[in-house]
Structure formats: C-alpha cells, structure tokens
1. Six or more apart or on different chains, Cβ atoms under 7 Å: show the pairs whose first residue is in segment A:96-116 and within 10 Å of chain B (Cβ to nearest Cβ) and whose second is polar (S, T, N, Q) and in a loop (DSSP other than H, G, I, E, B).
2. Take segment A:117-143 and flag every residue that is in contact (Cβ under 8 Å) with a residue 40 or more places away in the chain and small (Gly, Ala, Ser).
3. Select from segment A:22-51 the residues that are more than 19 Å from A:VAL241 (Cα to Cα) and within 7 Å of ligand 1 (Cβ to nearest atom) and list them in ascending order.
4. Filter segment A:79-136 down to residues that are within 16 Å of ligand 2 (Cβ to nearest atom) and open to solvent by 10 Å² or more (accessible area, probe 1.4 Å) and give me whichever is farthest from A:VAL190 (Cα to Cα).
5. Report, by residue number, each residue of segment A:39-76 that is in a loop (DSSP other than H, G, I, E, B), within 14 Å of chain B (Cβ to nearest Cβ) and in contact with a Lys or Arg (Cβ under 7 Å, 6 or more places away or on another chain).
6. Six or more apart or on different chains, Cβ under 7 Å: which pairs go from a residue in segment A:9-25 that's at pLDDT 95 or above and part of a strand (DSSP E or B) to one that's within 16 Å of ligand 2 (Cβ to nearest atom) and open to solvent by 20 Å² or more (accessible area, probe 1.4 Å)? Could you list them?
7. Considering only segment B:45-123, give the helices (runs of 4 or more DSSP H) lying wholly within it that have at least 3 residues that are aromatic (Phe, Trp, Tyr).
8. Among the residues of segment B:174-187, how many are open to solvent by 30 Å² or more (accessible area, probe 1.4 Å) and assigned to a helix (DSSP H, G or I)?
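The values are calculated or read from the model by the stated rules, or taken from the named source; none is laboratory data. Quantities reported herein were computed from a predicted structural model and do not represent experimental measurements. FYI the Cβ positions are ideal-geometry reconstructions off the backbone, even for glycines, and counts take in every protein chain you see. These accessible areas exclude ligands, DNA and RNA; they are computed on the full protein's heavy atoms, side chains included. Shrake-Rupley method; radii C 1.70, N 1.55, O 1.52, S 1.80 Å.
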Amino acid sequence: MNDTSTHSGFLVAEQVCKQFGSQVVLDHIDLSIDKGEAVVIIGQSGTGKSVLLKHFMRLIKPDSGRILIDGQDIADLSFDDLVPVRRRFGMLFQSAALFDSMAVGENVGLGLKEAGEMSRDEIHDAVIEKLEMVGLTDAIEKMPSELSGGMRKRVGLARAIAGNPEILLYDEPTTGLDPITADVINDLIVDLNEKLHVTSVAVTHDMTSAFKIADRIVMLYRGKVEFAGTPDEIRSCDNEVVQQFVSGQADGPIQVR
Amino acid sequence: MVRPIRSLGRQGITLVNAFGGMAILLAQFVYSLRKIHRSLPLIIEQFYQLGVRSLPLILVISIFVGAVSAWQAAYQFKFIGAPLRFLGQAVGKATVIELAPVLSALVYAGRVGAGITAELGTMKVTEQIDALESLGISPVRYLVMPRIVACLIMVPLLVTFANFVAIMGGLVVSVMGVNVSSETFLFGFRDSFKLTDFLAGLTKAGVFGLLIGLVGCYEGFRTTGGAEGVGMSTTTSVVTSSVLILVFNFVFAMILFRL
Ligand SMILES: Nc1ncnc2c1ncn2[C@@H]1O[C@H](COP(=O)(O)OP(=O)(O)O)[C@@H](O)[C@H]1O
Ligand SMILES: [Mg+2]
C-alpha cells in the first residue's frame, strides 16, 4: 500500500527466483494478476507451479525478487505481519492437506476459531454454510481418513473459503478426481469467481478445467513464463511448447526426463 | 583418501546447520510462550499424549532398572567383600542421580521423540504445516510449543515416578533375592538420600525433556520426501536426542558432582 511499485496488479510476482539446493525452480518469474481475474497456471509436473503458488502466501520465501499483494511487498514480512495478509487468502492444497487429527467440521472451522473473532455458534453456522456449498454437510463429524479423494478436496475447498477470502489459490483442484466430480469442482470455482468476485489463481494440468475457469492461462516452462494469454489465444498460438502441452503429445520440444 | 574427509566435512556442516536450526527453533519456542494462554487446551492434550500415556512404559523399565541395580550392586559387594547392608545406599544413589533420569530419558526419546517427529514429519510432507500457516496459525505456537512444554514438564514428573518405582524394584530384589531386609534397605536409602541429588536429577530430566522435544520438532519440520523421509527423520531424531542426552549427562556430572 505504501510501496511504490511499477506494477498495478493486485497479485504481483516480480523477478522471483527460487532454487532448492542446486536445482533452479523459478528463474526470474514476472507475473501480474488483476483484481477479480481468474488465472490458471499450467505446466508439466515438477516445473514449479506449486512452488510459485505458495509464494503468493509467502508459504515459500523467494531467494530474490518481490511478491506484491495489493501493492505491499510481503517477501520479507515477519510471521506476525503476514497474518493479516494471509487472512485475505484461502488455499486449496494439492493433497487437500486436511488436518488428520481433526474431524471435517473442525478442519473447516479451525482458521475462524484461531482468529478468535467469532463465537462458537457463528463459527458453527459458517462451517455448515461452507460445507453446504461443497455438498458435504453430512460429513461434518467424519475424520479425513474416512473420506474419498474427491470428498477431501471438497472439504479442503470449504476450509479455503471459510474466512470469506478475497483471493483463492487452488493447487490442482481436479487432479485425481473422476470427470464428474472434477466438473463439480470446476463449477464451484467458477461460481465463487462470479458470485464472490474473488481473485483466483489455479494450478492444473487438466486442460478442460483450465479452459473452463480461466480468464487467462499462464504456462510455466523451465522456470520461466513461456506463454500468457486468454484461452482463445492459447488455442490459436503457434508456440510449439504450448501446443505440445495443450494437445498432450509425447513428441515435441518438451522432453520428459 | 580425500573422499572420506570430504564426507566427514559434509557431515560436519550438516551438524553445524542442525544446531543452528535448533537454536533458532528454541528461540521461536521461547518467543511463542507469550501466547501460551491461547494454547492451553493443546498443552493439556499433549500432557496426556506425551505424559500420562508414557506411564506404563516408564513403570516397566523402572522396575527392571531398580531390580538389576540391586542385583548388580549385591554381586559387586560380594566380590569386594563390602557389607550388604549398604545395598540401599548404592541403589538409591545410582537411581536418583543417574539411572532414573538417563534411562527414562532414553526410553522417552524412543517413544515420544520418535512420535513427535513422525507426526510433524507426516504433517510436513502432506502440506498440513503449510495449511496451518495459510490459516494464519503459527506452527510453532500451535504444534511446537505444546509439545516442548509437555516434554519439559512431563519428563521430570516421570523421572520422579521412575525414582520411586526403581527403589521399589530394588527393594523387592534385595528382600527376595539377596536376603537384605526391607528395613535395612530403606534405612540405607534414607541415610544416603540427599535432596540436592534428587533436584539435580530433576534438573537433568528437564533439560533432557527440552532436548527431546526440540530435536523431535526440529527433525519433523525438516522432513522432506514422503513416507521414506518421515522414516529417516524419525531415526535421526531418536539418534540425535539419545546422543545429546548422554553428552549433556556427562557435562552435568562434571558440573554438579565435582570430584
Ligand atoms: N521444499 C522443497 N525442497 C526441495 N525441493 C523442492 C521443495 N519443494 C519443491 N521442490 C522441487 O521443486 C520442483 C517443483 O516442484 P512443484 O512446484 O511441486 O512442481 P509442480 O509444478 O508439479 O507443482 C520439484 O522438482 C520439486 O522436487
Ligand atoms: Mg504441484
């Protein structure tokens, strides 16, 4: 808010670099996302999509570069200063990441409970409301180990939206789900974007899902943004890397190592 | 010739990194104590998980620790011709100063230290730690602080319990196996008992508890690489805290029991 930035975006990654040991995962990434926009990040497994997504909530700290959220650089904030920033976000994790020592209802309500701003009844109502949105009110007492993969993702989604966030991050929301459940999740995401006017960033390699939810698709390749454009632009572009990925072919510039 | 040296150097660097990391975690733990009131239910839960549930194990090992120390003391006494009426003194001293704190701590590292690392390590590799942070919850306050506090308080309490049980174990062996009356044994124990020994044992127990909790949490948070990674960090956790317990114990001996 007080930071003088050259970008006007709501979520901005500026020259972000990240490496683990000697493995360079993000190599000077620049990405600017507008308020209310739905961006989908695509790319091969292991290219750093999850790593990039986690940077926006500073779950991973960049080696260099800036992460601007609504103009505020969060790259060097302390844990306590990050709390209000993180409360603006909700995140659905790749593995759903439900707390396996807690029942579904407690999972969804934990963030509200720990924030300490709502009464028990208010939290309970909020939990029911969110579980209704994902169609899982019956599972409120169940433990995560009793749920199927699709149900876990939906509980993860309910937990992500529990605090009515402005920004939603989805890490592979439909991977590993049957096509019907996947479509239910896609619809939920589209609904949230339209009704709640959230800004969203989704990581996926499910192109059906990507075309359905994206205003803009960004392709990561070898630590860099290879392409960024609308779904129509990506369908019609002649970048070979993009075309190979979108059409799902083994032959092409992308070699599976 | 060069390779083993290089490997040794690499292990040295890992060790220095690990101690640095543990020191940082310790500082974060201390800092998180300012919000201890918000974690009280979690701490009470850990008192139960890490303390109460360790009682049966401590009970069993302490009986046998007391029993074997009485037996071995009697055997040594016979060998050097010392009078058996000093059995209570020997068993009492050995138990209160060394055996109860050290052996309880080692067993506790195997049960509780391993459990903490496996649990936090699994949470780490399944992104549950990230999920906590994403909800604005500090993993140090929510996970680390309750566990270290529980270890810090529970290990001294368990050692007090272990002292009592081990003396009873020693008593049973001396009455039934060595033919020393319970009056003689208990008189010897009381005669040699010093409150400062007991307190020194408890101080050690507190430090061991802190080490076990700290190493357990540190190794859990460092875990990468799925189930295999969890197994590896659990092993590292138990080995590291066991070695540290014995090293610290020797340092304590030199400080507290000057020759
Ligand atoms: N905490 C970590 N420590 C070491 N390497 C990591 C870590 N997180 C991710 N990586 C590596 O970074 C690369 C990108 O990972 P990721 O972002 O999960 O890929 P994906 O695009 O499939 O989501 C992978 O090679 C992974 O092994
Ligand atoms: Mg990923």
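1. Partner pairs satisfying both residue conditions: A:ALA97/B:THR126.
2. Going residue by residue through segment A:117-143, those that are in contact (Cβ under 8 Å) with a residue 40 or more places away in the chain are A:133-135, A:143.
Once the filter is applied, which keeps residues that are in contact (Cβ under 8 Å) with a residue 40 or more places away in the chain and small (Gly, Ala, Ser), segment A:117-143 yields only A:GLY135.
3. A:GLN23, A:SER50, A:VAL51
4. Looking only at segment A:79-136, we keep the residues that are within 16 Å of ligand 2 (Cβ to nearest atom), and these are A:91-97.
Then drop every residue that is not open to solvent by 10 Å² or more (accessible area, probe 1.4 Å), which leaves A:94-95.
Values: A:GLN94: 18, A:SER95: 21 Å.
The residue in question is A:SER95.
5. Scanning segment A:39-76 gives A:MET57, A:ILE60, A:ILE74.
6. A:LYS18/A:VAL51; A:LYS18/A:ILE60; A:VAL25/A:LYS18; A:VAL25/A:VAL51
7. On the way: elements: B:55-80, B:87-94, B:100-108.
Correct list: B:55-80.
8. Of all residues in segment B:174-187, those open to solvent by 30 Å² or more (accessible area, probe 1.4 Å) come to B:175-177, B:179, B:181-184, B:186-187.
Applying the additional criterion that residues be assigned to a helix (DSSP H, G or I) yields B:175-177, B:182-184, B:186-187.
Adding up the residues that qualify gives 8.
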